[in-house]
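The values are calculated or read from the model by the stated rules, or taken from the named source; none is laboratory data. What you are looking at is a predicted structure, and each value in this text was computed from that prediction instead of being measured. FYI the Cβ positions are ideal-geometry reconstructions off the backbone, even for glycines, and counts take in every protein chain you see. With ligands, DNA and RNA removed, areas are computed over all heavy atoms of the protein, side chains included. Shrake-Rupley method; radii C 1.70, N 1.55, O 1.52, S 1.80 Å.
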Amino acid sequence: MEGPSSTGVSNRKLAMWTFIGSECMLFGTLIATYLIYRGRNVVGPYPDELLNIPFITVTTFVLLMSSLMMVLALAAIERNDLKKTKIWLFMTALFGLIFLGGQYYEFNHFVHEGLPLSRNLFSSTFFVLTGTHGGHVAGGVIWLGTLFVRATQGKLDATHAETVEIAGLYWHFVDVIWIVLFTLIYLLV
Amino acid sequence: MTASEHALDNGDAGVHEGLYAGGIWSWVTTVDHKRIGILYFLTSLVFLLVAGVEGQLLRLQLARPENRFLDPDLYNQLFTMHGTTMVFFAGMPLIVAFFNFVVPLQIGARDVAFPRLNALSYWLFLFAGLFLYSSVPLRAMPDGGWFAYMPLTSSEYSPGLGMDFYVLSLLLAGIGTIAGGVNFFVTILNMRAPGMRFMRLPLFTWMALIVSVLILLAFPPFTVGLVFMMFDRSFGTHFFDAAAGADPVLWQHLFWVFGHPEVYILILPAFGVVSDVIPAFSRKSLFGYPVVVFSGILIAFLGFGVWVHHMFSVGLGPVVNAVFGGATMLIAIPTGIKIFNWIATMWGGQIRFNTPMLFAIGLVGSFTIGGLSGVMHASPPADLQQTDTYFVVAHFHYVLIGGTVFGLFSGLYYWFPKATGRMLSEALGKAHFWLTFIAFNVTFFPMHFSGLLGMPRRTFTYAEGLGLDVFNLISTIGAFMFTFAFIPLFLNLWRAWRKGEPAGANPWDAPTLEWTVSSPPPHYNFAVIPTVDRRDPLWHPHIEVGLGWAGEVEPGGVSPRVQPKEPPEPVHMPDPSYWPLVMGIGMLVMTAGALGSLGVVLLGLAVTMLGLFGWAFEPSESGAH
Amino acid sequence: MGAVVLQGCNGEYPQSALHPSSDFATRLDDLFTQIVWWAAGVFVIVEGALIYTIIRFRARPGAPRPKEVHGHIAMEIGWTLAPALILVAIAIPTIQTIFIVDRPTTDEDALVIEAIGRQWWWEFRYPELGIVTANEAHVPVGRTVDLRLRSADVLHSFWVPRLGGKRDLVPGHENQLWFKPDSVGVFWGQCAEYCGTAHALMGTRVIVDEPADFDAWVALNQGSAVALTDPQSRAGRGVFMANACVSCHAVRGSAAVGQFGPDLTHFGGRLTLGAGILENTRENVIRWLDSTQHIKPGSLMPDVELSDEQLEQLAAYLLALR
């Protein structure tokens, strides 16, 4: 039920911002835990033995590019350019998938190198933190995929620009979180 | 024209029509905030009774020293369930029940911002509660206490499913709670009637807004803590494992960084109720409205900076303890401000002692005691003798019963006529108040002494030579009285539902918007969205109406501004939907699967996704009303 | 004798925070008393104002509608400042006390005792004196006791109210707590942090002795187990050594070197049994050995299958270990 808005922002958009605020506390707690426990492992492997910074830099770049495509998708639907909308939504989701593929490869690699989830404090904090982020990316990919399918069915037009915008808000948020994680986990190793 | 004819003219819909019409399917699929509020109310009342019986059993065990009525394992399970249920499945949902029913009416809205999400929140609450209690027939009740300190709750020291039930049910309930937080935050921010500026909001709505923010900020850290606990228990991670280099105290931080704001989540709505009830029954607007609002905001803000006061005996050092002790003391200031402003509101008024007012006054008196004992353990050294003893048990029951429960009872008596169109009996209401007030004090006041004389909490027994026998016996007698005190309440509800006097739109001559609509309100609440030009819009300028208002208000007082009987133009209301239920069931199945079956988790995920897509592609409103 | 000691010198409330018997407990009690007086004053003012208001301004038939008063800045400032001043008055002694009681002791002559919390009993070690004992700590009157608190399993909290406030025992941490007892006696305490099934039955005693008595206790407890004189207790030693007892309990000077349960080298000299829950009498020792799980449900000591005769012998042995 979309009544008149007292703030001028639609209910849905306000809800997304609110949700993002709450998510900041979620990731804030996870990140704080990671930082508190950094360097407190009593058994290896240790982060500096495993983290593959060049590889993650590439997937980070892919995720960043997906945010750019999200912006293009929104611009397209606002112009009512449905063909471009479809393309950019697809590309955003695809790049998100590539990022997730990279994460899957990384996790697998770590487990092979002797770092299963239950190995030590690093494995506990690392997998749960980046895994939670990965779950958010996966949710975003599904959401974008749904929008893409609706677009191909011709059920998405300029009147739905806000729907795309809200998905974009979420997507950008998840990207920003990754920038923070990339900096704290990989660059400050 | 008699009072009741007056009321009918004002659109008295009658109990068994409108809001309450329709079969069970109409309740299962409802997205009407009023109905969801009623569902919340009835469900949490059941949980309140169950947890009350649990508390009663605890008191029975402690009636005399070295009693063998309950064995220690069962005792430990019962106090864990008592605390967990009271906080998450009785206290909070009871508050949400009032948010649901009252907030949209107070701000002049036709529903909440996201009616289907609202239904989902309810289902998740219900399912999480049922899931927690499914541990009873499985004989796997959690037994780690409601704050579940690690490492006692690790798989090493608490094997079995007990603590898994705790973790999973609170995760499930937490999702619904956060969704509710988003919903009410957006509703209050965005769906206020024209002219309903922030500084015109009724205090209850103000507190609902603040509490929504608290929920949004406090629940995520708790969720993360629960996830860590789940991973430690189920997947062998080491978040709280000292042997792996971790610090088990992290759990305490995560828990209390949520747990202390949770206290304000529980108490601020009660303050909100009282801030609406005291003016209505003093016939005088709230004294110092902006100060009361800002003191509420301040309490919430400070509430995030005081969690370590639950941990003064942990040994965090003098600086940490001094800072958090000082911050905790600061909270006494805005709390005191509220109390003084309530008294100043009554000062010079014409106080009518109807039941809602009795409970409101009871709150002011009892909460003061809880607040003062709170200042005692805000002082970290003094707290070293008080924490984890019955002194603290006394303190938080004064806050949570003398504050939250009294406030919610006040709200129940205040808004029951609005919700049902019927008046509760004043005689039974007064009996209920006095019995409750006396029983509550008899139960909990002696606990101050048993605590200071050396009784730790969470002990299933105490030695004969400690000198605690008398205090414990009095507490147990009080607990029995407390149980009996519920009898007049239920008689009253039953009587009013069957044959209560018609209430009319505004039986109390109260000043806020919910009293302009009929009782119970129509589906669409407001035939015409009102325009608000002042605080307490029904009072100023004074129009002397109502009958006998100088004494106790009789049913059938009228309000000066009434809604038209029918909306002049079609109103679009959201359609009922079963997708929230489908999604809730899916999430319940996932939760149950997390006890040990990946297949069940995937099944639940599939159902959840089905519900989500069904929801997303369902048109949310079709025709006109 | 046991009954006299347990109850005789402690008055009615042996575990009371309101009857301090050390510098630490006295400081806390003084601070608490101050706060109580402030609180009592506020209580009287607030409740008095409330009751006066509701009586004076009760609705009267025919009275005019009350005059609206929307607020009053000076009053708001007044009732903000007044509590603030009271809180300052409470905060100053609070912070002074924090920086005394939350810091390690500076007394170099302090008697160091390690207290290790275990489900559900206490181990006390005197590293400078070479003493290991359980559930009961002897200390001399007038000398600072410097407790080092550690946990072997879950959280516990050491609390002997008459000697001071509680402090938690946290796995992975070493906490400190110190107090200087000012009178002789037996002081009751118990675990104050919920620690599982038998949390309520995790008691302790701190026995404050005259210095001479303490020295005698130290001399006795530094030694190995005493020689047994009567055949009954020797038979009991046979039972002890032949059963599972030795896998958990140590008796110095014997083949028993178990580490999971309390050290029993001088068990017979203790006042209580089962972590402060029973007087240490022959009947109680027999009951305890015969039905541990009934007396202390959840105890990690299993019920032992022994004949009545063996129980008698075992009790004689344990009580002979003075």
Rg and Dmax of chain B, Cα atoms only, in Å
24.2, 80
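At 222 nm, what value in deg cm²/dmol follows for chain B if DSSP H runs of at least 4 each add -39500 (n - 2.57) and the sum is divided by all its residues, to the nearest 500?
Values: 19 runs with 374 residues, N = 625.
Taken over chain B, the calculation gives -20500 deg cm²/dmol.
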Total formal charge among the other residues, if their Cβ is under 14 angstrom from that of C:Ile95, Lys/Arg +1 and Asp/Glu -1
0
Cα shape, segment A:11-187, gyration tensor, a/c 1.5 rule
prolate
Acute angle (nearest 10 degrees) that the helix A:11-37 long axis makes with the longest principal axis of chain A, alpha-carbon atoms:
10
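Output the peptides C:222-233, B:371-382 sorted from most to least packed, where packing is the average of other Cβ atoms within 10 Å over each peptide's residues.
On the way: C:222-233: 14.0, B:371-382: 25.8.
Averaged packing, sorted descending, gives the order B:371-382, C:222-233.
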Give me the base-10 log of I(q)/I(0) for the protein assembly as shown at each q in 0.10 Å⁻¹, Debye formula, one uniform scatterer per Cα, rounded to two decimals.
-1.31
Pop out the carbon and sulfur fraction of the accessible area of segment B:299-394 as a percent, whole number, probe 1.4 Å.
82
With a cut-off of 8 Å between alpha carbons and a minimum separation of six or more residues, what is the relative contact order of segment B:215-348 in percent?
25
Built amide H within the under 5 Å cut-off of C:Leu169, gap 5+:
C:His156, C:Ser157, C:Phe158
Alpha carbon centroid spacing (whole Å) that separates segment B:40-94 from segment B:104-155
16
At R0 = 60 Å, how high is the FRET efficiency between A:Glu113 and A:Thr163 if r is their beta carbon distance? Nearest 0.05 is fine.
0.90
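Rounded, prolate or oblate for segment A:128-189? Axes are the square roots of the Cα gyration tensor eigenvalues, ordered a ≥ b ≥ c, and the cut-off for rounded is a/c under 1.5. Kindly include the intermediate steps, with their values, before the conclusion.
Values: a/c = 4.37, a/b = 2.55, b/c = 1.71.
Prolate is the answer for segment A:128-189, as a/c is 1.5 or above and a/b outweighs b/c.
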Report ³J(HN,Hα) in whole Hz for each residue of segment A:81-93, in order, from the Karplus equation J = 6.51 cos²θ - 1.76 cosθ + 1.60 where θ = phi - 60°; Gly and Pro get x.
8, 6, 5, 5, 3, 4, 4, 5, 4, 4, 5, 4, 4
Run a plain Debye calculation on segment C:23-101 (Cα atoms as equal point scatterers, no solvent) and give log10 I(q)/I(0) at q = 0.15, 0.21, 0.23 Å⁻¹, rounded to two decimals, same order as the q list.
-0.74, -1.05, -1.13
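Just to verify a number: FRET efficiency for C:Arg282 and C:Ala152, C-beta to C-beta distance, R0 = 35 Å, to 0.05? Intermediate results must be reported in sequence, preceding the final value.
Values: r = 30 Å, r/R0 = 0.87.
After rounding to 0.05, the efficiency reads 0.70.
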26 Å Cα-Cα reach of C:Lys296 towards lysines, excluding residues that sit fewer than 8 places from it in its own chain
C:Lys166
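Please compute the length gained on full extension between B:Ala616 and B:Trp434, using 0.36 nm multiplied by the number of residues separating them and subtracting their Cα-Cα distance. Show your work: numbers first, answer last.
On the way: separation 182, 0.36 × 182 = 65.52 nm, distance 5.03 nm.
Answer, rounded to one decimal: 60.5 nm.
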So what are the ³J(HN,Hα) numbers for segment A:127-135, from phi and the Karplus equation (6.51, -1.76, 1.60; θ = phi - 60°), rounded to whole Hz, Gly and Pro as x?
5, 5, 5, 6, x, 4, 5, x, x
Given labels modelled 7 Å from the Cα in the Cβ direction, how far is it in nm from A:Val189 to A:Thr57?
1.2
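Antiparallel DSSP bridges in the protein assembly as shown: what percent, to the nearest 5? Numbers along the way, then the final one.
Details: 29 of 42 bridges.
Here the share of antiparallel DSSP bridges comes out near 70 percent.
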What FRET efficiency do you get for C:Gln222 and B:Glu156 if R0 is 60 Å and r is their Cβ-Cβ distance, rounded to the nearest 0.05?
0.95
If you project the alpha carbons of chain C onto their three principal axes, what span does each projection cover, largest first, in Å?
96, 50, 38
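Considering only DSSP states other than H, G, I, E and B, which chymotrypsin sites (Phe, Trp or Tyr not before Pro) in segment C:251-322 qualify as loop sites with at most 12 other Cβ atoms within 10 Å?
Values: sites: C:Phe260, C:Phe267, C:Trp288, C:Tyr317; in loops: C:Phe260.
Sparse-neighbourhood loop chymotrypsin sites (Phe, Trp or Tyr not before Pro): C:Phe260.
Counting each DSSP H run of 4 or more residues in chain A as -39500 (n - 2.57), what helix-only mean residue ellipticity at 222 nm follows after dividing by all residues, to the nearest 500 deg cm²/dmol? Spell out each step's value before the answer.
Numbers: 6 runs with 141 residues, N = 189.
Helix-only estimate at 222 nm: -26000 deg cm²/dmol.
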Computed over segment A:8-96, Cα set: Rg, Dmax in Å:
18.9, 57
Where in chain A lies the longest segment free of trypsin sites (Lys or Arg not before Pro) that are both loop residues by DSSP (not H, G, I, E, B) and have at most 12 other Cβ atoms within 10 Å?
A:1-78
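Please work out the average accessible area per residue across chain C, using the 1.4 Å probe convention, and give it in Å². If you can, show how the numbers build up before the last one.
On the way: 13530 Å² over 322 residues.
Per residue, chain C has an accessible area of 42 Å².
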Give me the lysines in straight-line cross-link reach of A:Lys83: C-alpha distance below 18 Å, same-chain residues under 8 apart excluded.
A:Lys155
With at most 15 neighbouring Cβ atoms within 10 Å, loop GluC sites (Glu not before Pro) (DSSP) excluded, longest segment of chain C
C:175-304
Express in nm, to one decimal, how much length is gained between B:His572 and B:Phe480 on full extension, taking 0.36 nm for each residue of separation and deducting their alpha carbon distance.
28.1 nm
How far is it, in nm, from the label point at A:Glu78 to the one at A:Glu49 when both lie 7 Å from their Cα along the line to the Cβ?
5.1
For Cα pairs less than 8 Å apart in space and 6+ apart in sequence, what is the mean separation divided by the residue count of segment A:11-187, i.e. the relative contact order in percent?
34
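Length gain on complete extension for the stretch B:Lys565 to B:Val136, per 0.36 nm per residue less the alpha carbon to alpha carbon distance? Numbers along the way, then the final one.
Working: separation 429, 0.36 × 429 = 154.44 nm, distance 4.99 nm.
That pair, B:Lys565 and B:Val136, stretches by 149.4 nm at full extension.
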Once accessible area is computed for B alone, C alone and the pair with a 1.4 Å probe, the total buried surface, to the nearest 100 Å², works out to 7600
Can you compute the modelled spin-label distance between C:Val246 and C:Gln232, with each label point 7 Å from Cα toward Cβ, in nm?
2.4
Do any of B:Lys430/B:Lys499; A:Lys13/A:Lys84; B:Lys284/B:Lys565 go past 26 Å between their Cα atoms, and which?
B:Lys284/B:Lys565
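Of all alpha-carbon pairs in segment C:231-320, indicate the percentage at a distance above 24 angstrom. Write down the numbers at each step before the final one.
On the way: 277 of 4005 pairs.
I get 7 percent for the Cα pairs in segment C:231-320 exceeding 24 Å.
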